[in-house]
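Below is one structure; the comments refer to it alone.
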Amino acid sequence: MNGYELLRILYGLFLGIFLIIAGVLTFTSKGEPGIGFRIGYTYLSERARRKANRVSGIGIVLTGIALIVLSSFLPMPWLMAVVALGLGVTVLLAYLVAKREYELEELSKEASEKPGRRIEPPRVGKYLILQLMFAGVSFTLILTGEVPRDPGILLVASIQLFLLALTVLVSRPLVFQLAPKFKGKMALGFARAMTVVSAMVALQLVVVVLKPGASPLLLILMLLVSLGAVFYAAFIALTSAYEEGYY
């Protein structure tokens, strides 16, 4: 086992354990501030909150376990793809479950009064432009042959497009408009978080071009930068969710 494989396994183990802990906290959440899957549906319906937390908690735990197991076999780009796919599917399923449970609960009683004002979407244009620029850098490096066109590299670059689509989705008030006082803070925070992750992906590809025979010290530094970007993005997203009122 060489140094890169050991670092990859440690990276997968550290991030995987973090995801497992986060998933357990989400699954067992009883409405504590800043914990659990929170969107408008779960804010208005206790039933939706419980079911969405169970689904998202299980999904996050499974993603963490998959990351730990696969870190011994898959290269880093594929591990990042596993995390993005696992969390993306988890968020989608939790949203659909929360929406369904809220609607079922509303059918069993008189519909509550909804906000009467028109909710304006937050302006995330500058974050979308930044993400497009970072994705453009990545795909330019791939198309010009500066980095190998192997499936792993292509998948990592495609993650940037996935983050871009998520940013657009979350910026739509339709997703969060059930909150009593929608201010768009969560959408803006999420947009910043996704921009940080997209920048980190572009930076890694640039380093591959500039330092094709990177030393172990540089690899360690890049792993630390990646972890720092992921945790900083998570911190931004959670903080903005708390400020919005999804707690």
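The values are calculated or read from the model by the stated rules, or taken from the named source; none is laboratory data. The shown structure was predicted, so the numbers you read here are calculated from the model rather than taken from an experiment. Backbone-built Cβ (ideal geometry, glycine too); neighbour counts: all protein chains shown. Areas reflect the complete protein model, heavy atoms only, side chains present, ligands, DNA and RNA absent. Shrake-Rupley method; radii C 1.70, N 1.55, O 1.52, S 1.80 Å.
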When you check I35 against the structure, is it loosely packed, with under 15 Cβ neighbours inside 10 Å and farther than 13 Å from L87 by Cβ, yes or no? no
Quick check on this structure: which one of G88, G12, G16 is closer than 24 Å to S158 by Cα and at pLDDT 90 or above? G16
Subset of the range 121-141, residues assigned to a helix (DSSP H, G or I), touching a residue at least 60 places away in the same chain (Cβ under 8 Å) and of a type in the set (A, V, I, L, M, F, W, C), comes to L128, L130, F134, A135, V137, L141
Going through the range 150-169 one residue at a time, which ones are among the β-branched types (V, I, T) and open to solvent by less than 60 Å² (accessible area, probe 1.4 Å)? I153, V156, I159, T167
Take the range 58-93 and flag every residue that is in contact (Cβ under 8 Å) with a residue 24 or more places away in the chain, part of a loop (DSSP other than H, G, I, E, B) and open to solvent by 30 Å² or more (accessible area, probe 1.4 Å). S72, P75
Restricting to the range 145-165, count the residues that are at pLDDT 80 or above and either within 19 Å of the chain's Cα centre (by Cα) or within 16 Å of Y127 (Cα to Cα) (or both). 8
